[in-house]
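These notes concern the structure reproduced below.
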Amino acid sequence: MFFDPIVHALGLVLTYIHMVIPSYGWALIALAFVVRLALWPLSNMQFKSMAEMQKVQPLVKQLQAKFKNDPQAQNAAMMALYKEHKVNPLAGCLPMLVQFPILIGLYWAIQGQISSFTHEHWLWIGSSISQRFPDVFAQSLAVPDIFLLCLYVVSMYFTVRYGSPPSTDPQQAQTQKLMAFISPAMIAFFGFKYRWASALYIYWLATNVFTVAQQYLMFRKYGLVGGGRAAAAALAAPAPAVAETAPKPSGSPSTNGKRAYRPKKRARR
């Protein structure tokens with residue numbers, strides 16, 4: 001199986017962390033933090049690429065308008081533009097591609113040792129409130145917790161909604177808003193259907209919280225939000241053309257340096 005090495009590695013790391021932190025709930029949060037730190041260089045490259053893409057966006061729009069009837073020439077011109085400014089449009093996808101096997105691997109790592117979570121408690125999970133409302137709150141980390149699922153869905157909305165800087169393109173901005181509702185809705189649907197263990201929700205929720213915090217720091221660092229974003233946009237915007245105005249003559253109107261002819265009025269008799 002392709003994910004076997006990842007599943008084995010994550011299982012070992014979680015076991016070692018649990019030796020230091022005797023609660024699996026807090027150990028999963030620590031694991032999410034460790035993974036976030038390990039992916040920090042890739043995330044830094046992702047946000048740096050976002051900043052560079054935002055700077056060349058006005059030039060991209062100019063090329064799209066110039067070659068709107070010639071898609072082949074438009075693609076060639078955009079590739080040349082990206083090469084000139086050393087921008088990689090695919091750099092933003094790399095952290096997501098790397099993180100996906102980790103999420104899948106952790107799922108199978110927890111499922112493979114689900115018996116270890118049967119008697120594990122965390123905050124309200126396994127407390128007296130969970131015994132009073134067992135349909136909403138889990139009694140162990142091995143069973144689903146509806147309240148924790150709802151928290152995860154809300155965190156997913158903020159992660160997707162603010163995962164990229166605000167777009168100046170109305171269509172792209174509308175797509176971002178739409179995806180911010182579609183992704184959490186899908187998570188809620190599959191969570192209710194397959195009834196995942198609450199241990200998974202703890203890890204995923206912690207990952208989203210750390211991701212949103214990192215996004216905020218990176219947005220401020222590369223000027224993708226706030227005043228830095230406005231300054232970056234001003235630097236990227238082309239300078240407006242200034243119309244040349246001819247200096248006005250100080251004296252009476254003239255033609256080629258000569259006095260203009262004025263017809264004399266005929267005297268009345």
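The values are calculated or read from the model by the stated rules, or taken from the named source; none is laboratory data. Note that the structure is a prediction, hence the values are computed from the model and not measured. All Cβ positions, even for glycine, are placed from backbone atoms using ideal geometry, and neighbour counts span all protein chains on display.
Assorted remarks:
- Selection within the stretch 212-230 - at pLDDT below 60 and over 16 Å from Arg161 (Cβ atoms): Gly226, Gly227, Gly228, Arg229, Ala230
- Any hit, the stretch 243-257, residues being modelled with pLDDT under 75, out of contact with any Asp or Glu (no Cβ under 8 Å at 6 or more places or on another chain) and not in a loop (DSSP other than H, G, I, E, B): yes
- Unmet criterion (only one of (1) among the hydroxyl-bearing types (Ser, Thr, Tyr); (2) within 18 Å of Tyr157 (Cβ to Cβ); (3) surrounded by 19 or more Cβ atoms within 10 Å (Cβ to Cβ)) for Ser198: (2)
- Test: residue in the stretch 88-106 that is modelled with pLDDT of 80 or more, closer than 15 Å to Ser198 by Cα, surrounded by 17 or more Cβ atoms within 10 Å (Cβ to Cβ) and not polar (S, T, N, Q): yes
- Scanning the stretch 105-115 for residues that are within 35 Å of the chain's Cα centre (by Cα) and of a type in the set (Gly, Ala, Ser) gives Gly105, Ala109, Gly112.
- Scanning the stretch 162-186 for residues that are modelled with pLDDT of 75 or more and either in contact with a Pro (Cβ under 6 Å, 6 or more places away or on another chain) or buried (at least 18 other Cβ atoms within 10 Å of the Cβ) (or both) returns a single hit, Pro184.
- Search result, residues across the stretch 22-39 that are surrounded by fewer than 15 Cβ atoms within 10 Å (Cβ to Cβ) and more than 27 Å from the chain's Cα centre (by Cα): Pro22
- Some residue of the stretch 114-132 being touching a helix residue (DSSP H, G or I) at 6+ places or on another chain (Cβ under 8 Å), without any contact (Cβ under 8 Å) to a residue 60 or more places away in the chain and over 30 Å from Met50 (Cβ atoms): yes
- Taking first residues from the stretch 37-53 that are in contact (Cβ under 8 Å) with a residue 60 or more places away in the chain and partners that are among the acidic types (Asp, Glu) and exposed (fewer than 15 other Cβ atoms within 10 Å of the Cβ), no Cβ contact under 8 Å between residues at least 6 apart in sequence or on separate chains turns up.
- Long-range neighbours under 7 Å by Cβ, at least six apart or interchain, first residue closer than 12 Å to Phe117 by Cα and of a type in the set (Ser, Thr, Tyr) within the stretch 7-32, second modelled with pLDDT of 85 or more and part of a helix (DSSP H, G or I): Tyr24/His18; Tyr24/Ala199
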